[in-house]
Amino acid sequence: MGQLMGFLNIEKQNQKERKPSERIHDWNEYKIPLAEKDVKNQAARCMDCGTPYCQIGVQLNRGTAGCPIHNLIPEWNDLVYRGLWKEAYDRLAKTNNFPEFTSKACPAPCEGSCTAGFISDPVSIKSIERAIIDRAFEEGWVVPKPPKKRTGKKIAVIGSGPAGLACADQLNKIGHEVTVFERSDRPGGLLMYGIPSMKIEKDVVDRRIRLLEEEGIIFKTKVDVGNTIGVEELKQTFDAIVLCTGAGKPRDVHLEGRELAGILPAMQYLTASNRHLLYGEPLKGDDQAKGKHVIVIGGGDTGEDCVATAIRQGCKSVVQFGKHGRLPDQRSENNPWPEHPNVFSVDYAYEEAVEVLGKDPREYYVETKQFVGDENGHVRELITGSFKNHNETERKTWKADLVLIAIGFQGAEDRVFEDFNVVRSSSRPVVKADPFRYQTNQPGIFAAGDVRRGASLIVWAIEEGRKAAAAVDLYLDEQ
Ligand SMILES: Cc1cc2nc3c(=O)[nH]c(=O)nc-3n(C[C@H](O)[C@H](O)[C@H](O)COP(=O)(O)OP(=O)(O)OC[C@H]3O[C@@H](n4cnc5c(N)ncnc54)[C@H](O)[C@@H]3O)c2cc1C
Ligand code: SF4
C-alpha cells in the first residue's frame, strides 16, 4: 500500500492547469502534469482499502461508478509510491490500451468511487495514471510489439475511434490480421475530429496510430463502408466484422426559425475547427465565432468544448443554455458515494469565459422557444422561456450571430442498420448486441462502443472494444 495514514496527512493535488489568460491564446493542452515528487505523494494517499471501489466499473443510478476497464489502481499507486515506474506501467498496460487518452480526458469515475473519498478527498488517480504513461513514453517503454505468430484469420473493424482502436489492438495482439476501415481522412474518430486539442492534442493520437501500424494493423482511411466498399465484399474477404461506427446521429431542435443560416450542430463546428488547425482549411462564415455573439444550446461537455473553442476564435460573447438547474456544491442525499458525484464544478471552458468575458457562461433551466432571423435569412435572436417555470413573464430575448446545437446524440446513424442489415435495440436507436457476446443478429458481425451503448465515454469505448475482441476470438475458435 501507499503510506500508512497518507490519506490523512497529505492533501489531494490534481494535475495543474495553465493560466486561463495564457491558454486562450493557443490550442495546446491546458493541463500541466504533476512533478514526480508530487505524484509519489499523491500515490501515498491510496489507503489499500481492501475493497477497491475505484475499480468496479458499473452503471449506478445512470452514472458510472469506478473504472470501466478495471484498471489495477491500488497496485499501480503502490508501485509509483515505491518508485517502480516500469512495473507500474506494465500493470497499467494490462487493462488500458490507451492511457494517454484517458489520463487526459476521462471524467475519472474511479475517483468518484475511491474509498478515501467517502470521508475526505479521493486519491488523484487520473493524475497518477497520466504520470505513469508520460514516463513510459519518455523512457521508451512504449514500443511496437507485433505478435510472434499470425493465426491466418482476417478481421475488419469499421471505425477508428477508441472502440475500434482498442478492438483492433486486442485482436492483433492475439495474432489475427486486422484491417481498420475509416471513412474520414485520418484515424481516431472523435479523438481526432470531435474532442478539441486543448483536451487531447492530435499528435498524441497520431503517435498511437503509428504504434498500432508498426504492430501490423492496417488502416484504410477515406473508405466509407457501405458506400466506397460493399458489406457483401467485406463478408467474402474477412472472417469477422466489428462495427465501431460511433453514435453520430445528432439530436436537433425542431422550432420556428431552425432553418435560418448560422444555426449549426456542435459537431460541424468542432470538426471544422479541428480541421482548420490540422490542415489550415479556411473556416467558412458560419463555422467560426470571431466577433460574434454565440449561443450554445445544451449544458453538457460537448457544449463546454464549443464554449472553449468560441473563446479561442475571439467571440464577442458566449452563453450556454442548460435544461437543468445548477448542480449542488456537495453530493445530494440521492447521489451517495460510490456513485459518480454530480456536483457543481468550474471546468476549463468556464474558467476561461470568466477570464475573458467576466462571467460564467452557463444559464440554467433555459428552454429555447424560437429563432428569429434578419432580412438575409440569418439568425439574429433567440427567444427563450424557462423549463422551471412555464410562465410567459420568463420569456427573454438573446442576441445571436451563431447558435450551436449541443444537445447530444440520438444514437447510431440510420444507414448502419440498412447497410449491415443489423437490428436496433428495442429501447434506443443503437445496434442490438448483448454485452457478453457483442454479436449482432448477423452471424460474424459484432458491434462495440457508442454504436452499441449510445454516446458515452472514451473509457467505455475502450472497454467495449476489448470485450468485443475477446468475443470475436471465441467466435473464431468455435467456427
Ligand atoms: C465534442 C465531444 C467531446 C467529448 N469529450 C469527451 C471527453 O472529454 N472524455 C470522454 O471520455 N469522452 C468524450 N467524448 C465522448 C467520446 O469521444 C466517445 O464516447 C468515443 O469517442 C466513442 O468511441 P467510438 O469508437 O465508439 O466512436 P467514435 O469515436 O465516434 O468513432 C467512430 C468512427 O467510425 C467512423 N465511421 C462511421 N461510419 C463509418 C463507415 N460506414 N465506414 C467507415 N468508418 C465509419 C467515423 O468516421 C468515426 O471515425 C466526447 C464526445 C464529443 C462529441
Ligand atoms: S481510465 Fe478513467 S476511470 Fe479508469 S483509472 Fe483512468 S481516469 Fe480513472
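Coordinate-derived values only; no laboratory data. This is a predicted model, so every value here is computed, not measured. Neighbour counts are summed over all protein chains in view; Cβ atoms, including those assigned to glycine, are modelled from backbone coordinates with ideal geometry.
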Using a simple spin-label model with points 7 Å from Cα along the Cα→Cβ vector, what separation in nm is obtained for Asp185 and Arg210? 2.0
Would you please put 371-378, 24-31 in order of how densely packed they are, using the mean number of other Cβ atoms within 10 angstrom per residue and starting with the highest? 24-31, 371-378
Which residue, His70, Leu190, Leu283, has the largest displacement toward the positive end of the dipole of the chain when charges sit on each Cβ (Lys, Arg +1; Asp, Glu -1)? His70
Under the 0.36 nm per residue contour assumption, what length would be gained going from the current alpha-carbon distance of Glu138 and Ser426 to full extension? 98.9 nm
To the nearest Å, what is the center-to-center distance of segment 268-312 and segment 139-205, using C-alpha atoms only? 27
DSSP-loop chymotrypsin sites (Phe, Trp or Tyr not before Pro) across segment 434-463, with at most 14 other Cβ within 10 angstrom: Phe436
Zone of Lys16 (label point 7 Å along Cα→Cβ, backbone N under 20 Å): which residues in segment 96-112? 104-105
Starting from the Cα of Leu4, move 7 Å in the Cα-to-Cβ direction to define the label point; list residues of segment 24-68 whose amide nitrogen is under 18 Å from there. 44-50
Taking only C-alpha pairs under 8 Å that are 6+ residues apart, what is the relative contact order of segment 90-216 in percent? 24
If the chain between Leu474 and Ala35 were fully extended at 0.36 nm per residue, the gain over the current Cα-Cα distance would be 153.7 nm
Most packed first (mean Cβ within 10 Å per residue), the peptides 80-92, 6-18, 142-154 order as 80-92, 6-18, 142-154
Report the label-to-label distance for Glu201 and Lys396 in nanometres (one decimal), using points 7 Å from each Cα along the Cα→Cβ vector. 3.8
For the chain the mean separation of alpha carbon contacts under 8 Å (6+ apart) over residue count, i.e. relative contact order in percent, is 16
Which far-off residues, 5 or more places away or on another chain, put their amide H under 5 Å from the one on Lys12, with H placed in the peptide plane? none
Taking the Cα centre of each part, how many Å lie between segment 330-398 and segment 1-74? 29
Order of Phe118, Phe181, Phe344 from fewest to most other C-beta atoms within 10 Å? Phe344, Phe118, Phe181
Yeah, the chain with a ≥ b ≥ c from its alpha-carbon gyration tensor (a/c under 1.5 is rounded, else prolate when a/b outruns b/c, oblate otherwise) is oblate
Which entries in Lys12/Lys290; Lys16/Lys359; Lys16/Lys467; Lys126/Lys220; Lys154/Lys467; Lys222/Lys467 show an alpha-carbon gap greater than 29 Å? Lys12/Lys290; Lys16/Lys467; Lys126/Lys220
Calculate the spin-label point distance for Leu283 paired with Glu259, positioning each point 7 Å from the Cα along the beta-carbon direction, and give it in nanometres. 2.8
Packing-based order for 53-64, 158-169, 217-228, using average beta carbon neighbours within 10 Å, highest first: 158-169, 53-64, 217-228
Set Lys40/Lys145; Lys94/Lys173; Lys104/Lys202 screened for pairs whose C-alpha atoms are more than 21 Å apart: Lys40/Lys145
Scalar couplings 3J(HN,Hα) for segment 414-425 by Karplus 6.51 cos²θ - 1.76 cosθ + 1.60 (θ = phi - 60°), nearest whole Hz, x for Gly and Pro, are 3, 3, 4, 5, 6, 4, 9, 6, 9, 8, 9, 5
What is the local net charge at Ser124, summed over the other residues whose Cβ is closer than 13 Å to its Cβ (Lys, Arg +1; Asp, Glu -1)? +2
Cut-off under 5 Å, modelled amide H: who pairs with Lys432 long-range: Val423, Arg424, Ser425
Give the separation of the Cα centroids, segment 418-479 to segment 226-243, in Å. 16
For segment 6-139, just say rounded, prolate or oblate: build the C-alpha gyration tensor, square-root its eigenvalues into a ≥ b ≥ c, call rounded for a/c under 1.5, and beyond that prolate if a/b exceeds b/c, oblate if not. rounded
Contour excess over end-to-end distance, with Cα ends at Val354 and Asn28 and 0.36 nm allotted per residue: 115.4 nm
Just want to confirm a number: the relative contact order over segment 177-234, from Cα pairs under 8 angstrom separated by 6+ residues, in percent. 57
Starting from the Cα gyration tensor of segment 252-407, take the square roots of the eigenvalues, sort them a ≥ b ≥ c, and report rounded, prolate or oblate (rounded when a/c is under 1.5, otherwise prolate if a/b is larger than b/c, else oblate). oblate
